[in-house]
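In what follows, a single structure is set out as structure tokens and then discussed.
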Amino acid sequence: MEYEVVIGMEMHVELNTTSKMFCACPARFFGAEPNTQTCPTCLGMPGALPTLNRRAIEDTVLLGMALNCQINTHTFWERKSYWYPDLPKGYQITQYEYPMCHDGAIDLDVRDLSNGWNDVSYAKRVRIRRAHLEEDTGKLTHAGDVSLVDYNRSGVPLVEIVTEPDIFSAHEAYAYLSAIQDIVRYLGIGTADMEKGALRCEPNLSLRPRGSSAFGTKVEIKNLNSLRAVRDSIAFEIERQTALLNAGGRVRQVTLGWDDARGVTVEQRSKEDAHDYRYFPEPDLPPLDIDAAWLGEIRSRLIELPLDKARRYQSALGLSAYDAAVLTSDPAIAAWFERAAGPSPTPARVKAAANWISTDLFRLMKGGVALADVKVQPEQLGELIDLVDAKTVNISTARSVFEEMFASGQSAGAIVAAKGLGQINDVATLSTVVDGVLAASPSQVAQYRAGQEKLFGYFVGQAMKATQGKGNAQVLNTLLRRALGAASQT
Ligand SMILES: [Zn+2]
């Protein structure tokens, strides 16, 4: 029988605010000694009171806006009770009844590579059920018989995003995750680095006979620390469950882990019915009201998002889907490109700027240089493109000029002037060169005039040599034809 997979995604995104959600400890704890970024509040000491982090609230609302969510302007905090060593208070402060953001949607461009080279791309919309703000837990490390706990992460602001079951393949899951990652980075509200746990996701998936509307038994996959692991684990589960169902077996409701080295899912525990978390309103925090002015202030931080930008680069600037994707992968690159192309650029200039960035600039940055540290400014690349357009330099000279600009930060014009690299366009100067070449090669001139027309290339070569490669090739051609032809008539 043919089955189809239905996937819902639950995801946690750490915010990169300066301080934690409910105390003044640093939220950027990565690399710090264990248990050094803590205080009585995030250690859950009795009597320690939480205070709200305004920036974390704004970042969550901003993310909700980017995900086209409705924003609950009146919410409150709730305690989710459960006991686990990474949660020192015995409860997590979260939002349950009224999440800050709900009923949104995200648009994706999905690339399905499952047919090998027949790469299929299509647009897709995934509905967002809710996105709310809560606090992160500490981190447990299991080593043999002992478990170590580090509370540096305890209380870091965390946004939980839950989708509707709208994802129907491993490729769509991959596209969804990378789109969220891009948005978080564009908005500058987090690193969304999966390897460092700043973005964590738990897909739940079930198989059902194709065409059926009922849901099958759901499994959840945890411990996924890369986009590739998400895609591969889902693909693995689809295959495993299809084989199991076709053999007459039944899928059990379990939580699975992903063994990246072996490329298999591993059962962690069977899933009991929903826990009784005994949610109740947090008595130590007032309800949260966001008024229209504050909402407007947050909305003003909403910038053009990566997918919109990529689509605009294609429709308005005429770039290919590939070029658009490369240039919008990082907001800093996109901004650099727009400055290099300049205001209201022609299609040729857009293409030139895109080519310079994706070939020469990226090649020179390969040594590990960050864009922020690149000495050459985008407007300086714009000037170099102008010099090529105006035929002041030819393209191969321009390439070496750009290398020098990259190394020194000098302008293209200054380098061309200092090194005398400018293309020679002056007709009088080039006429003198042509006269000299003809005078120095009387036998070749005679042969050419006797009908050896392929000798023309020889004269061009001599003229370019005489100008150290800087002669305008078009002008030289015209002058040579005229000189050789005119002389033959005398
Ligand atoms: Zn603290």
For the charge dipole of segment 304-419, defined by +1 on Lys and Arg C-beta atoms and -1 on Asp and Glu C-beta atoms about the Cα centroid, which residue among Val369, Phe337, Ala348 has the Cα displaced farthest towards the positive pole?
-> Ala348
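One-quarter of the Cα convex hull surface for segment 230-300, in nm²? List each step's numbers first, then the result.
Values: hull surface 40.3 nm².
Here the figure is 10.1 nm², rounded to one decimal.
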Could you give the radius of gyration (one decimal) and Dmax (whole number) of the Cα atoms in segment 3-293, in Å?
-> 19.6, 62
Fewest-first ranking of Phe337, Phe406, using other Cβ atoms within 10 Å as the exposure measure = Phe406, Phe337
Could you work out the relative contact order of segment 304-419, using alpha carbon pairs under 8 angstrom and six or more residues apart, expressed as a whole percent?
-> 21 percent
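Based on the inverse mean of 1/r over its pairs of different Cα atoms, what is the Kirkwood hydrodynamic radius of segment 292-356, in Å? It would help to have the intermediate numbers written out before the result.
Details: mean 1/r = 0.0793 Å⁻¹.
Computed over Cα pairs of segment 292-356, the Kirkwood hydrodynamic radius comes out at 12.6 Å.
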With the calculation restricted to Cα positions, what are the radius of gyration and Dmax of segment 1-74 in angstrom?
-> 17.6, 59
Rg [Å, one decimal], Dmax [Å, integer] - segment 351-390, C-alpha atoms = 10.6, 33
For the chain, with +1 on Lys and Arg beta carbons and -1 on Asp and Glu, the positive-most of Phe402, Thr75, Asn246 along the dipole = Phe402
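Can you tell me the relative contact order of segment 27-126? Whole percent, Cα pairs under 8 Å, sequence separation 6 or more.
Details: 105 pairs, mean separation 21.1, N = 100.
Computed value for segment 27-126: 21 percent relative contact order.
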Could you size up the charge dipole of segment 427-488 around its Cα centre, putting +1 on the beta carbon of Lys and Arg and -1 on that of Asp and Glu, and report it in debye to the nearest 20?
-> 80 debye
Over segment 427-488, with a single point scatterer placed on each C-alpha, what log10 of the ratio I(q)/I(0) does the Debye formula yield at q = 0.16, 0.25 1/Å?
-> -0.42, -1.05
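Can you flag which of Lys419/Lys470; Lys391/Lys454; Lys20/Lys89; Lys89/Lys218; Lys89/Lys139; Lys139/Lys222 are past 20 Å Cα-Cα?
Lys391/Lys454; Lys89/Lys218
Just to check, using Stokes-Einstein with a Kirkwood Rh over alpha carbon pairs, what's the diffusion coefficient of segment 270-421 at 4 °C and 1.567 mPa s in µm²/s?
Details: Rh = 18.7 Å.
Translational D for this selection: 69 µm²/s.
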Only Lys, Arg (+1) and Asp, Glu (-1) charged, at Cβ; the chain dipole about Cα centre in debye | 1680 debye
Under the rule that a partner needs its Cβ under 4.7 Å from the first Cβ, which Cys of the chain have none?
-> Cys23, Cys25, Cys39, Cys42, Cys201
When N is the residue count of segment 342-490, what does its C-alpha Rg come to as a fraction of 2.2 N^0.38 Å?
-> 1.34
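How high is the relative contact order of the chain, in percent, with contacts defined as C-alpha pairs under 8 Å that are six or more residues apart? Intermediate values should be presented prior to the final figure.
Working: 832 pairs, mean separation 67.2, N = 490.
Relative contact order, the chain: 14 percent.
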How many percent of the alpha carbon pairs in segment 168-246 exceed a separation of 17 Å?
-> 50 percent
Between segment 336-406 and segment 264-313, what's the alpha-carbon centroid distance in Å?
-> 40 Å
What ranking, highest mean first, results for peptides 433-442, 60-69, 475-484 when packing means the other Cβ atoms within 10 Å averaged over each residue?
-> 60-69, 475-484, 433-442
How large is the Kirkwood hydrodynamic radius of the chain, in angstrom, based on all distinct alpha carbon pairs?
-> 27.4 Å
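Within segment 58-104, report the chymotrypsin sites (Phe, Trp or Tyr not before Pro) that DSSP leaves as loop and that have at most 16 other Cβ atoms within 10 Å. All intermediate terms of the calculation are to be shown ahead of the outcome.
On the way: sites: Phe76, Trp77, Tyr82, Trp83, Tyr91, Tyr96; in loops: Phe76, Trp77, Tyr82, Trp83, Tyr96.
Within segment 58-104, the qualifying chymotrypsin sites (Phe, Trp or Tyr not before Pro) (loop, at most 16 other Cβ atoms within 10 Å) are Phe76, Tyr82, Trp83.
Return the loop-located trypsin sites (Lys or Arg not before Pro) in segment 171-224 (DSSP other than H, G, I, E, B) with at most 15 other Cβ atoms within 10 Å of their own Cβ; answer none if there are none. Working shown, then result.
Details: sites: Arg185, Lys196, Arg200, Arg210, Lys218, Lys222; in loops: Lys196, Arg210, Lys218.
Those that pass, being in a loop and sparsely packed, are Lys196, Arg210.
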Taking 1 over the mean of 1/r across every pair of different Cα atoms in segment 21-154, what Kirkwood radius in Å do you get?
-> 17.6 Å
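Specify the longest stretch of the chain that does not include any exposed loop site, a site being one of the GluC sites (Glu not before Pro) with a non-H, G, I, E, B DSSP assignment and at most 16 other Cβ atoms within 10 Å.
Working: sites that count: Glu2, Glu97, Glu195, Glu272, Glu304.
No qualifying site falls inside 305-490, the longest such stretch.
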D_trans [Stokes-Einstein, Kirkwood Rh over alpha-carbon pairs] for segment 100-192, 4 °C, 1.567 mPa s, µm² s⁻¹ = 82 µm²/s
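Every number here is computed from the coordinates shown, using simple stated rules; none is lab data. Everything numeric in this text was worked out from a predicted model, so none of it was measured. In this analysis, Cβ positions are derived from the backbone assuming ideal geometry, glycine residues included, and neighbour counts consider all displayed protein chains.
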